[in-house]
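Trainee: The structure's right below; bear with me while I get my questions together.
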Amino acid sequence: MREVDVGIITEKVKTLCMEANFDLGKDVLDAFKKVKAEEESPTAREILGQLEENASIARQERLGICQDTGIAVVFVELGQDVHLVGGDLKRAINEGVRGGYQEGYLRKSLCHPFTRANTGDNTPAVIHVEVVPGDKVKLIVAPKGGGSENMSRVTMLTPAVGKKGIVEYVVQRVKESGGFPCPPTIVGVGIGGTFEETALLAKKALLRPIGSKNPDPELNSLEREILEKVNRLGIGPQGLGGRTTSLAVHINMMPCHIASLPLAVNIQCHAHRHKEVVI
Amino acid sequence: MSEPIRMETPLSDEDVERVKIGDRVLITGALYTGRDAAHKRLIDLIERGEELPFDIKGQIIYYVGPTPARPGRPAGSAGPTSSYRMDPYSPKLMERGLKGMIGKGMRSQDVIDAMRKFKAIYMAAVGGAGALIARRIKKSEIIAYEDLGPEAIRRLEVEDFPAIVVNDIWGNDLYGEGVRRYERT
């Protein structure tokens, strides 16, 4: 049994909140570069150029890539041979979020659902804990903006619609979302499981690096098929027209009930922020 | 793509007449910020027949709720928010002389019709380019509704603020036309 003090988790979460918001991943920047070279729309090229410049300013000046610095989604992969000491895990994570959003001059974007009164410190975070083999703790902080989250959906399809029905639903969702989720987007898709599990599958799919292959060949080809269809919609960067509506489609799948076909589409804006650390 | 068109606020009829959808513009001068809550208060003032907290004639409202500014800086990250939430309020402000709006995403037909009627334009700033936009803000002061926090009305002084004309005074809409141009069926 390895002891890990939750104070370390607070410190790491704090740093990850700031780094995720200031430093856009290399996979996203590489994707901007690639699609900019292929774009036919001058407006789209101009927008993609601004996004590249924006990312570089945000990193240099330690400014939020976007002013919507998101709700903090925190994934914890907790090794079963770890004994957490020094306090409550959830409290430690929220303490880290509070500190990171304060110190990093990040916007506090959480409020009471009815009164809309701001919670003041961007807590509570959304926390997903999974117990895994080993004696390490992996933390992933993925701040999620409101615009793209608002365009996401979970649905329970009729099994008879099959793969074709899944493709149609995802493409239709992206089409109806238009410019609202701040394209170019990354589309996370969850297939199977249950109502709540499929949503989590979709969210986790977003964390895979852009440009990486899905290890399942069937899903890999499905991802390519959906991406091609989505990019024929013409929505383009910011919805102002162009070839680049999405940078990637990522799918996670698991078996489901014989009566069901759960499907989740989690749309991620181009400010695709996530950072991780292993303790 | 053609060279950007430079504009200085306050805008005149001639200024908005010389731009069309798809034009890139660089704005210098004052922008007033406002989101949902501030708009609601402005409309309440108009309905009560009271004065607005700033002279709206020829001005541009920018839909933004910035991150807090670091000490010594005029502004934090300051990209646009979705404009549709302001649709119920915008026509009344254009009637009072508002000449421009900056945000992201489509506007309602009512707003597009009002732009035609009152000669005003809607421009998109790039959503998620908050750090880049922050650099173009030279000064920021809260002029009304400080209690609204990030939603307070601020007067920003900007230099070469980049935007794209989405709705012009002739009723055109870049969201519709841009997508039609690149759609493949």
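The values are calculated or read from the model by the stated rules, or taken from the named source; none is laboratory data. The model shown is predicted, which means the values in this text are computed figures rather than measured ones. FYI the Cβ positions are ideal-geometry reconstructions off the backbone, even for glycines, and counts take in every protein chain you see.
Trainee: B:Glu8 - would you say it is of a type in the set (D, E, K, R), in contact with a Ser or Thr (Cβ under 7 Å, 6 or more places away or on another chain) and exposed (fewer than 13 other Cβ atoms within 10 Å of the Cβ)?
Mentor: Working: of a type in the set (D, E, K, R): yes; in contact with a Ser or Thr (Cβ under 7 Å, 6 or more places away or on another chain): yes; exposed (fewer than 13 other Cβ atoms within 10 Å of the Cβ): yes.
Answer is yes for this residue.
Trainee: If the Cβ limit is 6 Å and pairs must be 6+ apart or interchain, which residue in region A:229-249 that is in contact (Cβ under 8 Å) with a residue 40 or more places away in the chain pairs with which residue that is among the acidic types (Asp, Glu) and part of a strand (DSSP E or B)?
Mentor: Every condition considered, no pair remains.
Trainee: Turning to a different aspect of this structure: Please state which one of B:Gly76, B:Gly100 is in contact with a Leu (Cβ under 8 Å, 6 or more places away or on another chain), of a type outside the set (Asp, Glu) and modelled with pLDDT of 95 or more. Quick ask: steps written out before the conclusion?
Mentor: Working: B:Gly76 fails: modelled with pLDDT of 95 or more.
Selected residue: B:Gly100, the only one of B:Gly76, B:Gly100 that is in contact with a Leu (Cβ under 8 Å, 6 or more places away or on another chain), of a type outside the set (Asp, Glu) and modelled with pLDDT of 95 or more.
Trainee: Identify, please: which residue in region B:19-38 is farther than 22 Å from A:Gln50 by Cβ and at pLDDT 95 or above and is, among those, nearest to the chain's Cα centre (by Cα)?
Mentor: Ranking the qualifying residues of region B:19-38, first place goes to B:Tyr32.
Trainee: While we're on this one: Filter region B:45-104 down to the residues that are β-branched (Val, Ile, Thr), more than 12 Å from chain A (Cβ to nearest Cβ) and in a loop (DSSP other than H, G, I, E, B) and list them by number. Step through it out loud before you land on a result.
Mentor: Taking region B:45-104 first, the residues β-branched (Val, Ile, Thr) are B:46, B:56, B:60-61, B:64, B:67, B:81, B:102.
If we keep only those that are more than 12 Å from chain A (Cβ to nearest Cβ) too, we end up with B:46, B:56, B:60-61, B:102.
Of everything in region B:45-104, just one residue is β-branched (Val, Ile, Thr), more than 12 Å from chain A (Cβ to nearest Cβ) and in a loop (DSSP other than H, G, I, E, B), namely B:Ile56.
Trainee: State whether one or more residues within region A:40-55 are closer than 30 Å to A:Val131 by Cβ and in contact with a strand residue (DSSP E or B) (Cβ under 8 Å, 6 or more places away or on another chain).
Mentor: Looking only at region A:40-55, we keep the residues that are closer than 30 Å to A:Val131 by Cβ, and these are none.
No, region A:40-55 has no match at all.
Trainee: Counting only residues that are modelled with pLDDT under 95, within 14 Å of chain B (Cβ to nearest Cβ) and within 30 Å of B:Ile21 (Cβ to Cβ), give me the helices (runs of 4 or more DSSP H) lying completely in region A:1-63 with at least 2 of them.
Mentor: A:42-61
Trainee: Identify the residue in region B:135-167 that is within 13 Å of the chain's Cα centre (by Cα) and closer than 20 Å to A:Cys66 by Cβ and, among all such residues, is surrounded by the most Cβ atoms within 10 Å (Cβ to Cβ). Talk me through it step by step, then tell me what you get.
Mentor: Going through region B:135-167, the residues within 13 Å of the chain's Cα centre (by Cα) turn out to be B:153-156, B:158, B:161-167.
Cutting the leftovers down to closer than 20 Å to A:Cys66 by Cβ gives us B:154, B:156, B:158, B:161-164, B:166.
Details: B:Arg154: 25, B:Leu156: 24, B:Val158: 24, B:Phe161: 25, B:Pro162: 21, B:Ala163: 25, B:Ile164: 23, B:Val166: 32.
That would be B:Val166.
Trainee: Can B:Gly149 be described as at the interface with chain A (Cβ under 9 Å from one of its Cβ atoms) and under 18 Å from B:Ala37 (Cβ atoms)? So that I can check it myself, show each step before the final result.
Mentor: On the way: at the interface with chain A (Cβ under 9 Å from one of its Cβ atoms): yes; under 18 Å from B:Ala37 (Cβ atoms): yes.
Yes: the conditions hold for B:Gly149.
Trainee: For region B:106-119, check the following and say yes or no: at least one residue is within 13 Å of chain A (Cβ to nearest Cβ), within 30 Å of A:Gln102 (Cα to Cα) and either surrounded by 22 or more Cβ atoms within 10 Å (Cβ to Cβ) or among the acidic types (Asp, Glu) (or both).
Mentor: In the first step, residues of region B:106-119 are kept if they are within 13 Å of chain A (Cβ to nearest Cβ); the result is B:106-107.
So of that shortlist, the ones also within 30 Å of A:Gln102 (Cα to Cα) come out as none.
Checked region B:106-119: no residue is within 13 Å of chain A (Cβ to nearest Cβ), within 30 Å of A:Gln102 (Cα to Cα) and either surrounded by 22 or more Cβ atoms within 10 Å (Cβ to Cβ) or among the acidic types (Asp, Glu) (or both).
Trainee: When the residues of region A:106-119 are filtered to those that are out of contact with any helix residue (DSSP H, G or I) (no Cβ under 9 Å at 6 or more places or on another chain) and assigned to a loop (DSSP other than H, G, I, E, B), which remaining residue is nearest to the other protein chains (Cβ to nearest Cβ)?
Mentor: Step one: list which residues in region A:106-119 are out of contact with any helix residue (DSSP H, G or I) (no Cβ under 9 Å at 6 or more places or on another chain), which gives A:110-115, A:117, A:119.
Right, trim to assigned to a loop (DSSP other than H, G, I, E, B) and you get A:110, A:112-115, A:117, A:119.
Numbers: A:Leu110: 12, A:His112: 14, A:Pro113: 16, A:Phe114: 15, A:Thr115: 13, A:Ala117: 11, A:Thr119: 12 Å.
Among those that are out of contact with any helix residue (DSSP H, G or I) (no Cβ under 9 Å at 6 or more places or on another chain) and assigned to a loop (DSSP other than H, G, I, E, B), it is A:Ala117.
Trainee: Another one. Would you point out which residue out of A:Gly70, A:Gly104, A:Gly96 is buried (at least 17 other Cβ atoms within 10 Å of the Cβ) and either free of Cβ contacts under 8 Å to residues at least 12 places away in the same chain or closer than 22 Å to A:Asp5 by Cα (or both)?
Mentor: Details: A:Gly70 fails: either free of Cβ contacts under 8 Å to residues at least 12 places away in the same chain or closer than 22 Å to A:Asp5 by Cα (or both); A:Gly104 fails: either free of Cβ contacts under 8 Å to residues at least 12 places away in the same chain or closer than 22 Å to A:Asp5 by Cα (or both).
After applying the criteria, what remains is A:Gly96.
Trainee: Hand me the list of strands (runs of 3 or more DSSP E) wholly inside region A:176-279 holding 1 or more residues that are within 14 Å of chain B (Cβ to nearest Cβ). Talk me through it step by step, then tell me what you get.
Mentor: Details: elements: A:185-193, A:246-256, A:261-268, A:275-278.
By residue number, A:185-193, A:246-256, A:261-268.
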